[in-house]
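Report on the structure given below.
What follows is calculated from the coordinates using simple rules that are stated; it is not laboratory data. Just so we're clear, the structure is a prediction, and the values are computed from it rather than from any experiment. Here the Cβ is made from the backbone with ideal geometry for all residues, glycine too, and neighbour counts use every protein chain on show.
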Amino acid sequence: MGELLLGMDIGTYSSKGVLVRPDGTIVKSATVPHTMDIPHPGWAEQDADGVWWHDVLELCHELIDGDPVRGNDVAAVALSAIGPCLLPLDSVGRPLRKGILYGVDTRAMNEIDELAERLGEDAVMRHSGMAFTSQAIGPKILWLQHHEPEVWARTDKLHTASSYLVYRLTGEHVMDRHTASHYMPLIDIHALEWNDALGSRLAGQDLLPRLGWSDEQAGVVSAAAADATGLAPGTPVAVGAVDALSEAISAGVTKPGDLMIMYGSSTFFILIEETPHPDPRVWTTAGAFKDQYALAAGMSTTGSLTRWFRDQFARDLPQDSAYQELFDGARRVPPGAEGLLLLPYFSGERTPINDPLAKGVLAGLTLSHTRDHLYRSVLEGIALGIRHNLETFQAIGIPIKRVMAVGGGAQSAMWPQIVSDAGHVRQHLPRITIGASYGDAYLAGLCAGLVEPGSIGSWNPPQVSIHPNEDHYPLYDERYRQYQTLYQATREVVHELGTTADDRHPSAAK
């Protein structure tokens, strides 16, 4: 084997791969775009082979093309992917349906209520460390049993996106503990092992992959996977992680008090801690490494909201420069968007309100407002949602020592600045901004023993700091108060609208 480390990340709308030397130097990178299926309002799915595995093959073929990299130049592989997802496999490892995605998929609302009532909310919190939300997999397993019994009858294994890809590479059924934390109530958050002590009887342990830490070896590349990918047979493959956790690792968020804000299709937060502090507003999970925990949180539609805005209201702009022109236009609008206020709940909302029936709301429109005002209100609404999550972490009592901003949205100087101003927070951007696939390469290095634990700081030190503009504090403090008031004032109406639009039973909107 050579010394190159291969990291691959399967995201919501694209997949990225990178080859890295053990000192962190990037040799080669590639990106493959794809789409997300929304077959019904509130549903979100992707094809496990047609998207996830297809993208792995495409990335391998682009990165390991023999010029100059060959398969035996790769020392180890690590993968991350969107998660937590639910993918049932049959007895020979074939997907039985498309993968049901993470918290943006809100189909299991009735099942959330059913499990919470059956098991008791307090008991669930004690056992699993978090409350049932659209991010939880247990209710989605129950949904599968209720609505697709023929699929459930054939289910032999339950996987998430990253664990399925590890299985395709190695033939091993293994899942990282961070992702598994969301398979509640099937896991004990304190022991970090599968344990159905609550008696939910959702799934026997024979259906669940074994658990591992993100930097541990899951297996090695099989002969069949080697033929498909160009990797050498026997190449070590790490357990890997969910994409947000690998993104945090890529930016050096590995020590207690480190917080990542990921500006992606959704905004994700990971705050590293030494011991669990369960709170129903956020998610208590395992960290990437042994004896480490994390408080995680996530907004549902942030980067996907800016993409929606571009696709629907900026069709006249050149595709390759549309975002830049939108940001330039929003920059000409003063803070506060001249009276506009947006709730960015276009796919429901995850933390901290955990309301899958929430909807987007734009308040304050007049005939004088332009597209520039609207886009500015989108950026500010997301920033206020980020502040809501940051204040929730602080209310739980976990000190935030350092904030690292990562993801595609962090590459625009304007958007993180609005977040810093609205949230009263200083942010740091790392030198290398490739993201989760870079964190995966680091995990591959740990798995192969080619990098030292804790060395990610030398791989990717902070390079830029974003200081909040205190002159904007009073305006954004007032907007934040109005933001919270607007949600409470419109909640009942948008629930009713959503119930009608989605043809859901009225009891789901409580």
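In whole Å, what is the distance between the alpha-carbon centres of segment 181-260 and segment 346-414? Result: 29 Å between the Cα centres.
For the chain, the mean residue ellipticity at 222 nm estimated from helices alone is -10500 deg cm²/dmol, where every DSSP H run of n ≥ 4 contributes -39500 (n - 2.57) and the total is divided by all residues, rounded to the nearest 500.
Compared with the direct C-alpha span, the chain from Ala123 to Ser455 gains 115.6 nm at full extension, assuming 0.36 nm per residue. Principal axis extents of the Cα atoms in segment 1-111, from largest to smallest and rounded to whole angstrom, are 52, 29, 20. Most simply put, the chain has about 70% antiparallel DSSP beta bridges, counting only bridges with both residues inside it.
What lysines does Lys290 reach when the alpha-carbon gap must be under 17 Å and sequence neighbours fewer than 8 apart in one chain are set aside? Within reach: Lys255.
Each label point was placed 7 Å from the Cα along the Cα-to-Cβ direction; for His424 and Arg154 their separation is 5.6 nm.
Full extension of the chain between Arg402 and Tyr473 yields a length gain of 23.5 nm, computed as 0.36 nm times the residue separation minus the alpha carbon distance. Its residue count N fixes a reference of 2.2 N^0.38 Å for segment 163-279, and the Cα radius of gyration divided by that reference is 1.20.
The charge dipole of segment 266-424, taken about the Cα centre with unit charges on the Cβ atoms of Lys, Arg (+1) and Asp, Glu (-1), comes to about 60 debye, rounded to the nearest 20. Within the straight-line cut-off of under 17 Å between alpha carbons, the lysines reachable from Lys157 are Lys98, Lys140, sequence neighbours fewer than 8 places apart in one chain being disregarded. The radius of gyration of the Cα set in segment 4-244, together with its Dmax, comes out at 18.0, 59 angstrom.
Shown is the FRET efficiency for Tyr13 and His147, computed with R0 = 25 Å from the Cβ-Cβ distance and rounded to the nearest 0.05: 0.40. How are the Cα pair distances of the chain distributed, in percent, across 10 Å bins from 0? Reading the bins upward from 0: 4, 20, 31, 27, 14, 3, 0.
In this entry, segment 307-428 is assigned a mean projected area of 8.3 nm², taken as a quarter of its C-alpha convex hull surface.
Length gained on full extension, Leu497 to Arg431, computed as 0.36 nm times the residue gap minus the Cα-Cα distance: 19.3 nm.
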